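Below: the structure, in structure tokens.
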């Protein structure tokens, strides 16, 4: 057996063999009910690890002492905290990307309105978390007020 000289081929082989080794470690833990831990460092120094997670899943806890149960609980709390922190970070990144996209679309909309000779929407007014758009024209095609009477009377009243 020799070292693979091509760096790309070496990385591909490492990834495939690492996945196979992780699968074998998992199979060993399930089939033999064994506690298995595996630590692998990639050629680039990245850590890859596998540990039997039955106790973290709440299985096989009958033989655990109070101290072990407390350690498991603390580890789970740290894990949940890490997951929530990452989820919040992803949400913030998505919000920033969407704000950038909103700005680009508003700019494009203004440019297209100018090109077509149409009045663009006036500035967006922020009310709490809701945005209300107001058209530049005071007359609207949509009636939102209650009016009792023939339609022509309503139209005449608006034009006065």
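The values are calculated or read from the model by the stated rules, or taken from the named source; none is laboratory data. Predicted model only: the values in this text are computed from it and were never measured. Cβ placement follows ideal geometry from the backbone for every residue including glycine, while neighbour counts extend to all protein chains displayed.
Given the residues 47, 31, 21, which is the only one that is at pLDDT 80 or above and loosely packed, with under 10 Cβ neighbours inside 10 Å?
31
Quick grid of which residues meet (1) over 30 Å from residue 3 (Cα atoms); (2) within 28 Å of the chain's Cα centre (by Cα); (3) in contact (Cβ under 8 Å) with a residue 24 or more places away in the chain:
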position	(1), (2), (3)
30	yes, no, no
43	no, no, yes
46	no, yes, no
66	yes, no, no
74	yes, yes, no
86	yes, yes, no
95	yes, yes, no
113	yes, no, no
117	yes, no, no
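In the stretch 64-84, how many residues are outside any helix (DSSP H, G or I) and at pLDDT 80 or above?
Of the residues in that region, 1 qualify.
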